[in-house]
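One structure is given below, encoded as structure tokens.
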Amino acid sequence: MTTPETTSDRARREALALVASLEEQEARLVFPAFGNDDAWRLGSLLVDMARERKAAVTVDIRHGEQQLFHFALPGTSADNDAWLARKARVVSRYGESSYLVGTRFRAKGRTFEDSSRLDPDHYAAHGGAFPVRVGGTGVVGSVAVSGLPQAEDHALVVAAVERFLAG
């Protein structure tokens with residue numbers, strides 16, 4: 001006799017499947033190089049895509065600790081800037097997207113806030129910050145969006161990186 005699947009079991013199973021998908025994205029979306037002009041072009045592309053979708057978001061691109069691009073569309077606030085900084089710190093610390101980091105904790109039945117031992121006022125493992133990974137070098141920065149639900153923030157960044165790299 002099998003026992004019925006609990007809601008928490010289902011949530012963990014779904015989180016594990018999402019982890020695999022997010023890991024595939026990060027393995028695939030690697031930049032050949034990344035400099036200040038690339039940040040400008042990628043950031044501008046993200047802003048254009050957000051406008052097309054009528055998405056009120058703030059966009060942030062960093063190389064290391066240096067902010068190379070920042071733009072806030074109408075309908076955003078300083079709260080979005082705080083979210084961006086917290087998500088970017090997760091990418092910097094873990095070398096992975098903020099969504100992947102948070103999803104890994106959920107896959108283990110835990111939360112990032114309770115289990116990471118990091119100050120939630122400084123770190124947010126919510127979707128929207130993606131590593132700028134350069135082939136042969138590793139993670140050199142992050143590209144991030146804030147203003148939508150976390151899965152949508154992440155999806156917008158991934159779509160922009162995909163378009164940028166295909167371009």
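The values are calculated or read from the model by the stated rules, or taken from the named source; none is laboratory data. In this text the structure is predicted, and so the values were computed from the model without any measurement. When we count neighbours, we look across all protein chains shown, and the Cβ atoms used for this are built from the backbone with ideal geometry, even at glycine.
So the values come out like this:
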item	result
Per-region count, segment 89-123, residues small (Gly, Ala, Ser), crowded, with 17+ Cβ neighbours inside 10 Å and closer than 18 Å to residue 158 by Cβ	3
Qualifying residue in segment 65-78 (condition: on the phi > 0 side of the Ramachandran plot, at pLDDT below 95 and not charged (D, E, K, R))	no
Failed item in (1) basic (Lys, Arg); (2) surrounded by 14 or more Cβ atoms within 10 Å (Cβ to Cβ); (3) modelled with pLDDT under 95, with residue 133 passing the rest	(3)
Segment 25-36, residues that are hydrophobic (A, V, I, L, M, F, W, C) and without any contact (Cβ under 8 Å) to a residue 40 or more places away in the chain	27
Out of 167, 109, 128, sole residue that is at pLDDT below 95 and within 19 Å of residue 45 (Cβ to Cβ)	167
Contacts under 6 angstrom Cβ, first residue in segment 137-159 being on the phi < 0 side of the Ramachandran plot, partner surrounded by 16 or more Cβ atoms within 10 Å (Cβ to Cβ) and among the acidic types (Asp, Glu), 6 or more apart	144/60; 145/153
Filter pass, residue 148 being in a loop (DSSP other than H, G, I, E, B), at pLDDT 95 or above and closer than 21 Å to residue 42 by Cα	yes
Any pair with Cβ under 6 angstrom, 6 or more apart, that starts in segment 10-24 at a residue that is over 16 Å from residue 155 (Cβ atoms) and ends at one that is surrounded by fewer than 15 Cβ atoms within 10 Å (Cβ to Cβ)	12/109
Selected residue (only one of 78, 15 is surrounded by 15 or more Cβ atoms within 10 Å (Cβ to Cβ) and more than 19 Å from residue 140 (Cβ to Cβ))	15
In segment 27-48, the residues that are surrounded by 18 or more Cβ atoms within 10 Å (Cβ to Cβ) and acidic (Asp, Glu)	38
